[in-house]
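> Sharing a structure below in C-alpha cells format, with a few things to ask.
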Amino acid sequence: MSCIFCDIINGKIPSNKLYEDDKILAFKDINPEAPIHFLVVPKIHIKSANEIKEENSGVVSHIFEVIPKIFSELNSSGDYRIVNNCGKKAGQTVNHLHFHVLGGRDMSWPPG
Ligand code: 5GP
Ligand code: ZN
C-alpha cells in the first residue's frame with residue numbers, strides 16, 4: 001500500500017519539516033490555504049479519524065499537546081484553526097490521519 005504521508009515520514013518524499021519526534025511529524029502543506037498552514041501526522045499509519053481507538057489515541061492527544069508549541073514558534077500572538085477532514089465528502093484526500101493547522105489570517109465560519 002502506498003501512502004504519500006508515510007513516504008514523507010520515511011523520507012522518500014521531501015517535505016518542509018517544522019517538528020519531529022518519535023511519534024509525530026509536522027510539515028508545511030504543499031498547497032497552503034493561509035499564511036501559516038501545516039499538517040501534523042502520526043508516524044503510525046492511521047487511515048482517518050474513524051480509526052482512532054483506545055489503543056492508538058495517545059498519539060492524537062500528543063499531537064494536540066504539540067500543536068500550540070509549533071504554532072507559537074511561528075506566530076506567537078496569533079489565533080489558529082485545527083481541521084481534520086474525515087472521509088471523501090468532508091474533503092479528505094490523503095488517507096493517513098492528519099490535522100491541518102491554519103493561521104496568519106482571519107477565518108470565516110462555517111467552512112464550505
Ligand atoms: P486533506 O484534503 O486530505 O484534508 O488534506 C491533504 C493535504 O495534504 C492537502 O492540503 C494537500 O495540499 C497536502 N498535500 C498533499 N500532498 C502533499 C505533499 O506531497 N507534500 C505536502 N507537504 N503536502 C501535501
Ligand atoms: Zn500512511
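The values are calculated or read from the model by the stated rules, or taken from the named source; none is laboratory data. All values derive from a computational prediction rather than experimental measurement. When we count neighbours, we look across all protein chains shown, and the Cβ atoms used for this are built from the backbone with ideal geometry, even at glycine. Surface areas here come from the heavy atoms of the whole protein model, side chains and all, with no ligands, DNA or RNA. Shrake-Rupley method; radii C 1.70, N 1.55, O 1.52, S 1.80 Å.
> Starting from the Cα of residue 73, step 7 Å along the direction of its Cβ; do the same at residue 16; then give the gap between the two resulting points in nm.
1.5
> Near residue 89, which lysines are there with a Cα under 18 Å away, not counting those fewer than 8 places off in the same chain?
47
> Give the long-range amide H neighbours of residue 25: residues separated by 5 or more places, or on another chain, with amide H under 5 Å away, using H modelled in the peptide plane at 1.01 Å from N.
Close amide H contacts, sequence-distant or interchain: 41, 43.
> Okay, next question. Please list, in order along region 103-112, the HN-Hα scalar couplings obtained from phi with the Karplus expression 6.51 cos²θ - 1.76 cosθ + 1.60 (θ = phi - 60°), rounded to whole Hz, x for Gly and Pro.
Karplus values, whole Hz, x for Gly and Pro: x, x, 7, 5, 10, 9, 8, x, x, x.
> Indicate the gyration tensor shape class of the chain (rounded, prolate or oblate), computed on the Cα atoms with a ≥ b ≥ c the square roots of the eigenvalues: a/c under 1.5 is rounded; otherwise a/b larger than b/c is prolate and the rest oblate.
Here the chain falls in the rounded category.
> Let me ask you something else. Check residue 98: other-chain or 5+ apart residues with amide H under 5 Å from its amide H, H built from backbone geometry?
The answer is none.
> Next up: Helix 57-74 against the longest principal axis of the chain: what's the angle in degrees, Cα atoms only, rounded to the nearest 10?
In the chain, helix 57-74 runs at an angle near 30 degrees to the longest axis.
> Anyone know which of 54, 20, 65 comes out most mobile in the 10 Å Cα GNM of the chain?
Between 54, 20, 65, it is 54 that shows the largest mean-square fluctuation.
> Tell me, what ³J(HN,Hα) does each residue in region 23-34 have, in order and in whole Hz, if you take phi through Karplus 6.51 cos²θ - 1.76 cosθ + 1.60 with θ = phi - 60° and put x for Gly and Pro?
10, 9, 9, 10, 8, 5, 5, 5, 10, x, 9, 7
> How many percent of the accessible area of the chain is carbon or sulfur, using a 1.4 Å probe?
In the chain, the share of accessible area belonging to carbon and sulfur is 50 percent.
> Please identify the cysteines of the chain that lack any partner cysteine with a Cβ under 4.7 Å from their own Cβ.
Cysteines lacking a close Cβ partner in the chain: 86.
> Looking at the chain, what % of its DSSP beta bridges pair antiparallel, to the nearest 5?
Counting DSSP beta bridges with both partners in the chain, the antiparallel share is about 100 percent.
> Follow-up question, since we're still on this one. Return one whole number: the accessible area per residue of region 37-112 in Å², for a 1.4 Å probe.
About 61 Å² of surface per residue is accessible.
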